1. Could you bin all the Cα-Cα distances of region 1-65 into 5 Å bins starting at 0 and give me the percent of pairs in each, rounded to whole numbers?
2. What is the sum of charges, Lys and Arg at +1 and Asp and Glu at -1, for the other residues whose Cβ falls under 12 Å from the Cβ of GLY328?
3. Which entries in the list LYS163/LYS184; LYS140/LYS217; LYS3/LYS62 go over 29 Å, if you measure between the two C-alpha atoms of each?
4. Normalise the Cα radius of gyration of region 178-319 by 2.2 N^0.38 Å (N = residues in it) and let me know the number.
5. Within the accessible area of region 176-260, what % is carbon and sulfur when the probe is 1.4 Å and the other protein chains stay in place?
6. Distance between Cα centroids, region 13-38 to region 244-300: provide it in whole Å.
7. Local charge sum around GLN52 (other residues, Cβ-Cβ under 11 Å, Lys/Arg +1, Asp/Glu -1)?
8. Using a 1.4 Å probe on the protein chains only, how many percent of the accessible area of region 281-330 belongs to carbon and sulfur?
Amino acid sequence: MEKKNIDWSNIGFGYQQTDKRYVSNFKDGKWDDGELTSDANVVINECAGVLQYAQTCFEGLKAYTTEDGHIVCFRPDLNAARMEDSAKRLEMPVFPQDRFVDAVVQVVKANAAYVPPYGSGATLYIRPYMFASSPVIGVKPADEYQFRILCTPVGPYFKGGAKPITIKVSDFDRAAPHGTGHIKAGLNYAMSLHAIVTAHEEGFAENMYLDAATRTKVEETGGANFIFVTKDNKVVTPKSNSILPSITRRSLVYVAKEYLGLEVEEREVFLDEVKDFAECGLCGTAAVISPVGKIVNHGEEICFPSGMDEMGPVTKKLYETLTGIQMGRIEAPEGWVKVIE
């Protein structure tokens, strides 16, 4: 298929309307068959549950062109499972996992001309989402819902690509100990907007959120999990019930153990020990890994030995191995890569 006339190497991380998207509606206790549509607009009642009480959740994954020319997705089954967890927590109907993956395949195939070519640095970002569509005025779950998938070609999430960034310790809390931090609910991201705008105004790329209960332990940023490397090359990731279980982080943990032979610890990470790590990175679907060169905690600077010029050596190996798997340069574990065409 002939690709769209897009300057693939210079697109940003933003929305660009593509040809088709998937839509399925939940009504009278069941999902309809779903279909692809050319209409990019959503029409809902003014009193729809999503507008009144933010009853919505979403996912994010990517399609890539591999070295041998195939279009693939990375572990969409895990996105389907995580969306099921989100739906259950928000009292929304579960969109079946097999149908989720099939819908992803349909959307990518229908928009294959927008999948960036291999080596461009760009990808096709896929956004499945679900929301309450029927009117709700009393505080309760809605009766009707819509599940949709859109896609858009994107460049790197952070400007400058893999150049280390500077972040700050936030004064705001991202999630309560028994709240919704572990699911991908729209409301989690809404509450982070003021904090990220404030951070950007102060010259920082992101926020480091601490646990709300004690404000002594590292949780995550507004849109990515943390990954640390000790001075003896041990990979450490924060563990908490209010952290979103990142598919990228879980994949990196496996890569660290099984591909690179590194020791990995998933445990509570205290802010006081961050200064002792050799490397730090933010991992997630959008950025894969973005290296952190400096963390500022109310005037105190924590500078990692890896510096501000490039990724640390272990972080770089993790990044290169995972992206190598995604792009088909390195053999993937069974079931990790879904070939679209």
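1. Bins of 5 Å from zero give 3, 9, 14, 22, 21, 12, 8, 7, 2, 0 percent of pairs.
2. -2
3. Distance filter (> 29 Å) returns LYS140/LYS217.
4. Dividing the Cα Rg of region 178-319 by 2.2 N^0.38 Å gives 1.00.
5. Of all accessible area on region 176-260, carbon and sulfur atoms account for 54 percent.
6. 35 Å
7. Residues close to GLN52 contribute a combined charge of 0.
8. Details: 960 of 2000 Å².
In region 281-330, the share of accessible area belonging to carbon and sulfur is 48 percent.
The values are calculated or read from the model by the stated rules, or taken from the named source; none is laboratory data. All of these numbers come straight from a predicted model, not from anything done at the bench. For neighbour counting, all protein chains shown are included, and Cβ atoms are generated from backbone atoms with ideal geometry for every residue, glycine included. The protein model used for the area step is the full one, side chains on, heavy atoms only, and it has no ligands, DNA or RNA in it. Shrake-Rupley method; radii C 1.70, N 1.55, O 1.52, S 1.80 Å.
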